[in-house]
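Read-outs throughout are calculated quantities, based only on the coordinates presented, and are distinct from any laboratory measurement. This structure is a prediction, so every number in the text was calculated from the model and none was measured. Cβ sites come from the backbone with ideal geometry, for glycine too, and all protein chains shown count toward neighbours.
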């Protein structure tokens, strides 16, 4: 085990985001692929990501509006006007300091990574994944005691996925892996994926799912009219796939943090899963016997990250204090930056100090091991 650094971690965000450098793909992929990758273009209303082969463009602002006056918030802005911490790591550290955040798990922006994940051209897909991971590593290596990168896993087959796991394992800045689809390329676990779970377990790093797996070009399919209210809808299915696929019995050290899915729904779903398993275990599920109840797997293997969940904090003993992770979602529209502590102090006012520390920092340290990285 690496020697612990001397940093005092009081607050760790389990979900922060980049807005990738505008040329992150165009400057890094092979020359033959440069016309086929996401790029930033200046349009009449503002700057936006443009995706070859798709008419939809994606402006920055709701993914980069931290600290802006709500009256001025809208989808459009210029890339030059967003907080520099979105794409510059030294500025990011200053912006973390401004919010009183000691460390942060870093994800990319949502739509470009969805484009990469859904690409079924093997060569292009792997080229874009490598470019993304190279940028993420460079960003987080600026201070890996505070910036923890998530390495995107390719999904065009187990062989390519294993090769990328081996490659990024030699690179600085990564504390976790990120699943956008399963290694086999789909949204159902197959036996062939076991080789990847074995490699991830051996790495000692968790594999995260952010909101849900990518099911179509522009991300996770949602049946919601109010943004953010359905972030947890994909998570139950993924837990059941890992559980009934036997993955967690074969790889008991694997951990799958579910990021930005909230926490208050957990007790209800675990109760229903246990009840229905017992009702069906001798009939329709007689060939899918489990060693433990579904809720026991969920409690042990699936930490959950939330942004603001007062009900979840109240229900923390039913959820499991040791599996709850706070996050800021910086610099997205849902963040309270630079006033995260104001919201935290309100929601945690009646939470004992040891439980408060576990949710705000301790659980994240155990999972992502910021304190075991040399400064």
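When the Gaussian network model of the chain links Cα atoms closer than 10 Å, the mean-square fluctuations of 15, 194, 123 top out at 123. With the biggest extent put first, the Cα atoms of the stretch 121-217 measure 36, 27, 25 Å across the principal axes.
The P(r) of the stretch 8-51 has a tail past 11 Å containing 72 percent of all C-alpha pairs. With the chain treated as a Gaussian network of Cα nodes joined by springs under 10 Å, which of 83, 345, 363 yields the largest mean-square fluctuation? The residue with the greatest mean-square fluctuation here is 345.
Take the convex hull of the alpha carbons in the stretch 162-221; its mean projected area over all directions comes to 4.6 nm². The calculated pair-distance distribution of the stretch 271-375 uses every alpha carbon pair, bins of 5 angstrom beginning at 0, and gives 2, 10, 17, 17, 15, 13, 9, 7, 5, 2, 1, 0 percent.
Its relative contact order, with pairs defined as Cα atoms under 8 Å and 6+ residues apart, puts the chain at 21 percent.
The calculated 222 nm mean residue ellipticity attributable to helices in the chain amounts to -9500 deg cm²/dmol, summing -39500 (n - 2.57) over DSSP H runs of n ≥ 4 and dividing by all residues.
The fraction of Cα-Cα pairs per 5 angstrom bin, counted from 0 for the stretch 223-331, comes to 2, 12, 22, 22, 19, 12, 7, 3, 1, 0 percent, rounded to whole percents.
Going by C-beta contacts inside 10 Å, put 39, 167 in order with the fewest on the left.
Lowest to highest Cβ neighbour count: 167, 39.
The tail of the calculated P(r) for the stretch 1-100, taken as Cα-Cα distances beyond 24 Å, holds 38 percent of the pairs. Each Cα pair under 8 Å and six or more residues apart adds its separation to the average, and for the stretch 126-178 the resulting relative contact order is 45 percent. The packing ranking, built from the mean of other Cβ atoms within 10 Å per residue, places the peptides 351-358, 297-304 in the order 297-304, 351-358, highest first. By the Kirkwood approach, averaging reciprocal distances over each pair of separate Cα atoms, the chain gets a hydrodynamic radius of 21.1 Å.
Given in Å, the Rg to one decimal and the Dmax to the nearest whole number for the Cα atoms of the stretch 67-170 are 16.0, 49. Apply the Debye scattering formula to the stretch 142-294, with a single equal point scatterer on each alpha-carbon and no solvent, then give log10 I(q)/I(0) at q = 0.12, 0.19 Å⁻¹. Relative scattering, expressed as log10 I(q)/I(0), comes to -0.58, -1.30.
Highest GNM mean-square fluctuation among 44, 271, 296, for the chain modelled with Cα contacts below 10 Å: 44.
List the relative contact order of the stretch 1-153 as a percent without decimals, with contacts defined as Cα pairs under 8 Å and 6+ residues apart.
With pairs under 8 Å counted, the relative contact order is 27 percent.
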